[in-house]
Each structure stands twice: as structure tokens, then as C-alpha cells.
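The values are calculated or read from the model by the stated rules, or taken from the named source; none is laboratory data. Keep in mind the model is a prediction, meaning the values are calculated, not measured. All Cβ positions, even for glycine, are placed from backbone atoms using ideal geometry, and neighbour counts span all protein chains on display. These accessible areas exclude ligands, DNA and RNA; they are computed on the full protein's heavy atoms, side chains included. Shrake-Rupley method; radii C 1.70, N 1.55, O 1.52, S 1.80 Å.
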Amino acid sequence: MSSTRFCSECGKPFETGHRFCTNCGATTSVEANALTTLTSDKTVLGSGQAQGFQPQVSVPVNNSAATASTIITPNANTPGAANTPGFTPVMPDTPIASSKTPGVSGASYSPVSTSGDQFYAHAADTDVIPPPPPPDSFISTPQEAPASPYYTSSPQVKGTVPAYAQAPKRSRGCLVASIVLLLVLVLGGVGGLYIIRLNNSTGSSQNGNSSSGQQNTPGTSGNTPTSVTTPGSNGNTPNTGGPATVPLNLKFTYSSVDITLVSVQQANSFPDDSSTPQGGVRVATMESNSTTSNANFLYSDVVRLVMPDGAIIAPSNEKSFEGPAAGISRDNWIDFAVTTQNIDLSKLILRFGSATQNQMNIPLVAGVDLSKYQSKTVTPNATFQYAGLNWTLASATESLSVNGQQAATGMVYVAVTLKAVNSSANNFSAYPGDFMRLQSGDSKSPPSDFTFPTSVASQSTGTGTVTFAIPQGGTSFTLLMLAQQSSPPINATSVTFQIQ
């Protein structure tokens with residue numbers, strides 16, 4: 001009874017009548033590890049002897065013309081050789097019968113023992129039933145089995161590659177993600193380059209505009225105009241090729257503050273003012289308060305920009321939002337949010353004064369006549385006697401403001417300068433509001449303010465001003481000195497003067 005054979009690949013026992021291992025598919029043929037024979041009778045010595053191997057020579061007798069082959073078998077003394085399944089000891093002097101294993105090509109081996117040292121050879125398989133072909137899903141590329149360290153290799157049977165030996169499938173997700181990321185980086189770089197080039201182009205255009213005759217004024221540097229008017233033009237056609245800032249040099253007085261409109265310009269934006277992101281008009285000014293009183297007004301309350309179509313725009317921002325303090329001179333600017341592009345700046349009007357004040361409409365045109373808003377002074381030097389004193393009306397000034405106050409609507413201020421010499425033995429003492437009036441037409445006005453002293457001592461001189469608010473439009477004025485019921489009584493008197 002033959003002993004059970006085991007698979008050299010997985011170690012499981014072979015089933016009878018199967019050519020391949022039913023567990024791993026390895027061949028059960030002993031010729032897969034067939035031995036070879038030497039071509040001479042000399043003993044082949046090598047490293048195999050040191051490991052318990054002894055090469056032997058066997059020459060076939062059935063076919064003398066056949067080429068001798070070398071069979072290298074384990075020595076009988078080799079540990080485990082006697083227990084190796086499927087091997088039969090062969091003597092070197094025993095002829096090897098020429099036989100073929102059905103269905104297997106290669107050398108044949110004899111199971112007969114010979115004398116001398118023992119050789120081991122695989123028993124030939126005779127009636128082997130071939131296994132059924134593997135399913136198509138298990139068919140793969142033929143693989144070469146690794147060579148045995150003890151036996152020469154022979155052609156291996158093609159079979160299925162185990163799952164662990166198969167090449168891993170590559171996922172296309174990483175490839176797609178890499179392509180998308182690369183596209184994002186490329187597009188982002190192109191977009192960034194375009195923005196940089198666009199900004200550089202815009203900056204160059206602005207620099208070119210600034211260098212083309214731009215005139216910087218306080219608070220107006222670094223702006224890009226969109227519409228300008230050539231100074232002195234008739235105001236009918238805007239000149240987009242003119243200077244960036246249109247000089248004005250218009251002077252007037254508002255609330256006792258001397259104001260000069262230095263320039264006007266329209267720009268898409270102003271770097272020192274974020275209140276006009278869609279564009280605006282800026283009026284640059286110089287301001288001086290030479291009085292002893294602070295200017296008590298806010299520009300947002302008293303300044304308006306009148307557009308060519310009559311629209312009225314309040315300031316959006318100012319460098320200094322209120323009037324200057326006493327004795328202060330400074331530069332300032334007032335911005336208006338104007339989104340209409342390429343307007344004719346010469347048709348704009350800057351209005352100073354609230355709705356209850358005597359307003360001044362200043363056309364933003366260099367050289368415009370503002371004489372009607374200027375103060376007027378005359379020096380009549382008229383003399384008269386009142387209450388035993390010698391009086392002189394030295395001067396009279398008509399203006400729209402006095403002592404930090406703007407005249408009310410339809411009114412003007414007239415300030416008279418008086419000198420009184422008291423040569424009498426009595427002191428003069430009286431309140432100007434009690435004995436002075438200023439008449440213009442049918443209107444008689446009491447003093448609104450005065451600096452004239454309330455008393456003039458004997459043998460002294462008193463000097464000062466008395467201011468009256470009077471309806472606008474008159475040119476002839478009469479200073480009335482009222483009669484007083486005193487002891488002795490004081491008689492009335494008057495003096496007339498003209499302000500053209």
C-alpha cells in the first residue's frame with residue numbers, strides 16, 4: 001500500500017486521482033522537480049557534499065546514443081531523506097528504464113533500487129486524471145515558480161495567481177483630484193497675474209493724469225479728476241484735458257470768518273475721505289478768524305452745493321467740521337458726494353448760510369464778481385452835539401456778519417464808529433440802546449451790539465462802535481440821537497450818511 005503524499009506548496013495531502021492539489025492548485029507530478037544525470041562517471045564534488053549531498057552518475061543502457069544526464073540526489077545520510085514522500089532510492093549501477101509518464105514531457109526515472117549509494121527519484125505517475133480547467137475568473141498571467149535550492153528547475157504549470165500576489169488596482173480618484181488641484185492652481189495664478197497687471201495699468205493711468213499739469217492745493221493731493229474746467233472759461237463746455245484742480249481764489253466773509261475758495265475739483269474718490277466712494281466734488285478753502293470770538297457754526301448746517309439742475313447737496317465730509325476759533329487761520333476742504341460724471345464745474349454754486357440767514361451763493365468760477373457779499377465802509381466824519389458832548393460819526397460799515405454772527409434773511413449789519421469828547425464839567429452816562437437808533441427808509445432799528453462806553457467822564461473822550469441790524473437794500477441811513485427827559489433835558493439830534 002502506497003504512502004500518502006503531501007503537497008510541497010501548502011502541505012495538504014494529495015487526493016488520489018488528481019493531478020493538481022485541490023487546496024492550492026499545485027501539480028502533483030514528481031517531474032516538476034525532476035533530477036538530472038551527469039555525462040561522465042566522475043563524481044561531481046561541490047558544495048552539496050558539505051551539506052550531506054553526494055552526486056552520482058548513471059548511464060542509461062537502453063539507448064547508448066542518448067546523452068547521459070546527471071542525477072543529483074540526496075545522500076542516504078541526509079537527514080529526512082528516508083522519510084521524504086514520493087522518493088525511491090536508486091542505485092548508481094542500475095540501468096534506468098526508458099519510460100514516459102503520460103502527458104508529461106521530460107526524463108523518465110526508474111523506481112528500481114541499485115547497489116551502492118542510494119539515490120532518490122520521484123516515482124512516475126501513470127494513471128493521473130487531469131483536473132478540470134479553472135473558471136475564467138481565476139485565469140491569470142502565467143507565473144514562474146521560484147527555483148528550488150536543491151533541484152534544478154523545470155517548466156512550471158500555468159495556474160492562477162493568488163490574490164495576495166496580484167498587483168493592486170490603482171484608484172483613479174487621486175488622479176482626478178490631482179488634476180483638479182492643478183487646474184485650480186493654474187487658474188488662480190493666471191487670475192492673480194491679471195489683477196496685478198490691471199492694477200499696474202490703473203496706477204500708471206492715474207500717475208499720467210497727475211503729472212499732466214495737476215496743481216496740488218491743501219487737502220487735495222493724490223486725487224484723480226474725472227471732469228475739470230479751464231479757469232476763466234465761459235462755463236459752457238467742460239475741458240477734460242485741463243488741470244486736475246481748478247483754481248478759484250474767491251474771497252468773502254461768512255460769520256466774521258474770512259474765507260477764500262482756493263480750488264474745486266471732481267474725482268472718483270479722495271484718499272483722505274471715504275465718504276464719497278462713488279465720486280465727489282471737493283472745494284478747498286483757506287479760513288481766518290481775526291475776531292475775539294469763536295465762529296459758532298457747523299459746515300454741515302450752513303454750506304450746500306447747488307447743482308446745474310437746481311439740486312441741492314449737503315456736505316458729505318469736511319477736514320474741519322466747524323468754524324475756526326478766535327485768532328485761528330487754517331486750510332480746510334469740503335466734500336460733496338456727486339455721482340454725475342463729467343459735470344461742468346463752472347455751473348456749480350457753493351451756498352453759504354442756513355435757511356434763516358442771509359445766504360451767499362458763490363459761483364465756482366474764477367474771477368466771478370462777489371462785491372455784493374463784501375462789506376462796505378464809508379467815512380463821513382460828520383460832527384454834531386448831543387448832551388453837551390461833541391460827537392463825530394467817523395465811519396460806517398455795512399456787512400452781512402458781525403462779531404461771529406451772520407445777518408438774518410433780508411437783513412444786513414451797519415456798524416457806526418463814534419467819538420465823543422466831554423469838555424463839560426459833568427459826566428455823561430447813558431446806555432446806547434436807550435438813546436440811539438438807525439433809520440433806513442421806514443425802518444428804525446435799535447443797537448444789536450456796541451463797544452461804545454456807557455459813560456464819558458468830564459474832560460475825557462469816549463470812542464467805540466454801535467451796530468444795527470437793518471433791512472437789506474437801503475443806501476441812505478440816519479443815525480438818530482433820541483431826546484432824554486433828564487435835568488437838564490437832552491434834545492434829540494441826527495446825522496445822515498450814505499453807503500452805496
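Within the range 275-305, which residues are open to solvent by 30 Å² or more (accessible area, probe 1.4 Å), without any contact (Cβ under 8 Å) to a residue 40 or more places away in the chain and hydroxyl-bearing (Ser, Thr, Tyr)?
290, 292, 300
For the range 402-414, name all the residues that are β-branched (Val, Ile, Thr), modelled with pLDDT of 95 or more and open to solvent by less than 60 Å² (accessible area, probe 1.4 Å).
412, 414
Identify the single condition in (1) closer than 26 Å to residue 404 by Cβ; (2) among the hydrophobic types (A, V, I, L, M, F, W, C); (3) touching a Leu at 6+ places or on another chain (Cβ under 9 Å) that residue 246 does not satisfy, given that it satisfies every other one.
(1)
Could you tell me whether residue 439 is among the polar types (S, T, N, Q) and either without any contact (Cβ under 8 Å) to a residue 24 or more places away in the chain or crowded, with 19+ Cβ neighbours inside 10 Å (or both)?
In short, no.
State all residues of the range 415-432 that are open to solvent by 20 Å² or more (accessible area, probe 1.4 Å) and not in a strand (DSSP E or B); if no residue qualifies, say none.
423, 424, 425, 426, 427, 430, 431
Collect the residues in the range 328-359 that are under 39 Å from the mean Cα position of the chain (by Cα), part of a loop (DSSP other than H, G, I, E, B) and buried (at least 21 other Cβ atoms within 10 Å of the Cβ), keeping them in residue-number order.
338, 348
Out of all the residues in the range 240-268, which are assigned to a loop (DSSP other than H, G, I, E, B) and open to solvent by less than 60 Å² (accessible area, probe 1.4 Å)?
Selection gives 242, 243, 244, 245, 255, 256.
Residue check: is residue 371 out of contact with any Phe, Trp or Tyr (no Cβ under 7 Å at 6 or more places or on another chain), at pLDDT 95 or above, closer than 28 Å to residue 295 by Cα and surrounded by fewer than 19 Cβ atoms within 10 Å (Cβ to Cβ)?
no
Take residue 448 and tell me if it is assigned to a loop (DSSP other than H, G, I, E, B), open to solvent by 30 Å² or more (accessible area, probe 1.4 Å) and small (Gly, Ala, Ser). Give the steps one after another, and end with the answer.
On the way: assigned to a loop (DSSP other than H, G, I, E, B): no; open to solvent by 30 Å² or more (accessible area, probe 1.4 Å): yes; small (Gly, Ala, Ser): yes.
Answer is no for this residue.
Does the range 380-392 hold any residues that are open to solvent by 40 Å² or more (accessible area, probe 1.4 Å) and part of a loop (DSSP other than H, G, I, E, B), and which are they?
380, 381, 388, listed by residue number.
Run residue 395 past the list (1) over 27 Å from residue 351 (Cα atoms); (2) in a strand (DSSP E or B); (3) open to solvent by 30 Å² or more (accessible area, probe 1.4 Å) and report the number of the one that doesn't hold.
For residue 395, the failing item is (3).
In the range 306-327, which residues are open to solvent by less than 40 Å² (accessible area, probe 1.4 Å) and under 19 Å from residue 272 (Cβ atoms)?
If the condition is that a residue be open to solvent by less than 40 Å² (accessible area, probe 1.4 Å) and under 19 Å from residue 272 (Cβ atoms), then 315, 318, 320 are the ones that fit.
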